[in-house]
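Peer 1: Take this structure, written in structure tokens, and hold onto it; I'll ask about it next.
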Amino acid sequence: DHIALKGALDMMDVLQPEHVFVHDLIDFEARNHHNIKDPHFLAKKHFNGVESVATNIESGARFLYGLKQRYKEMEIRVIRSNHDQAFERWLKDPSGQYDAENAWFWHYWNAVWHNSIRAEGKLDIFASVMRQTGASNSFSLNGVHFVQEDESVLIYNIEHGMHGHRGVNGSKGSPEQFRQMGRKANTGHTHSAGIIDG
């Protein structure tokens, strides 16, 4: 939403915050699991030229690069979010190999992931695809931190490292549920502003 984005950037220009948190960096609209079995949605994406997962990823990487260039002194963190995790979910779905538009990308990133598993490494596949996409397009995402799902980011005793999509015992997260956490939290999953109990 370009109007909402302009409002956010204008606000940042005025306030000059030290910390910037990015939630749901990408929508993953090319192959979002919510619509992957909807033939009409897929046809619309096809005729609008929005079928490329690589293009979705590149848009996210370019956004982060632009943000870092505009706000060089700010600490920019990408919070692990459900929309971003759709990339991982897509890689785990074997039907990706039959997707002519995206099969090469699917195979390549699955190979990267499997190589990491074989080496017993712990790879953040989303951060890796973002960073490599930037490098392939001659820009760097240095200075952008990709926050892991179990990583805490405390500022003034307020938790900022949670997107808010996961709740207790595998349930869906909600601001009401996080009230019982014992610590205030700033989340982004609801896509709208709200304050509960201060």
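The values are calculated or read from the model by the stated rules, or taken from the named source; none is laboratory data. This is a predicted model, so every value here is computed, not measured. Reconstructed Cβ throughout: ideal geometry from the backbone, glycine too, with neighbour counts over all protein chains shown. Accessible surface areas use protein heavy atoms only, side chains included; no ligands, DNA or RNA. Shrake-Rupley method; radii C 1.70, N 1.55, O 1.52, S 1.80 Å.
Peer 1: Per residue, how large is the accessible surface of the chain? Use a 1.4 angstrom probe and give square angstrom.
Peer 2: The answer is 62 Å² per residue.
Peer 1: Output the 0 to 90 degree angle, nearest 10, between the alpha-carbon long axis of helix 53-70 and the longest principal axis computed from the alpha carbons of the chain.
Peer 2: Result, in degrees: 40.
Peer 1: Excluding same-chain pairs closer than 8 in sequence, count the lysine pairs in region 42-198 whose Cα atoms lie under 29 Å apart.
Peer 2: 11
Peer 1: Given the Cα atoms of region 144-197, and with Rh set as the inverse mean 1/r over their pairs in the Kirkwood sense, what is Rg to Rh to two decimals?
Peer 2: Ratio of gyration radius to Kirkwood radius for region 144-197: 0.93.
Peer 1: Pull up all non-local amide H partners of Val22: gap of 5 or more, or a different chain, and H-to-H distance under 5 Å with H placed in the peptide plane.
Peer 2: So Val22 has HN proximity to Arg77, Val78, Ile79.
Peer 1: Against the longest alpha carbon principal axis of the chain, how many degrees, from 0 to 90 and to the nearest 10, is the axis of helix 82-92 turned?
Peer 2: Between the helix axis and the principal axis of the chain, the angle is about 30 degrees.
Peer 1: Could you identify which residue out of Arg77, Arg166, Arg131 has the top mean-square fluctuation in a GNM of the chain using Cα springs shorter than 10 Å?
Peer 2: Taking springs between Cα atoms under 10 Å, the residue moving most is Arg166.
Peer 1: Equivalent-ellipsoid semi-axes (√(5λ), Cα gyration tensor) for region 74-121, whole Å, largest first?
Peer 2: 23, 16, 10
Peer 1: Would you please report the Å³ per residue occupied by the convex hull of the alpha carbon atoms in region 65-156?
Peer 2: Spread over its residues, the Cα hull of region 65-156 gives 130 Å³ apiece.
Peer 1: For a bin width of 5 Å, list the pair-distance distribution of the chain built from all Cα-Cα distances, rounded to whole %.
Peer 2: Going from the shortest bin to the longest, the percentages are 1, 6, 13, 17, 19, 17, 13, 8, 4, 1, 0.
Peer 1: Once you list every other residue whose beta carbon is under 15 Å from the beta carbon of Ala135, what net charge do they have if Lys and Arg are +1 and Asp and Glu are -1?
Peer 2: On the way: positive: Arg62, Lys68, Arg131; negative: Glu58.
Around Ala135, the charge tally is +2.
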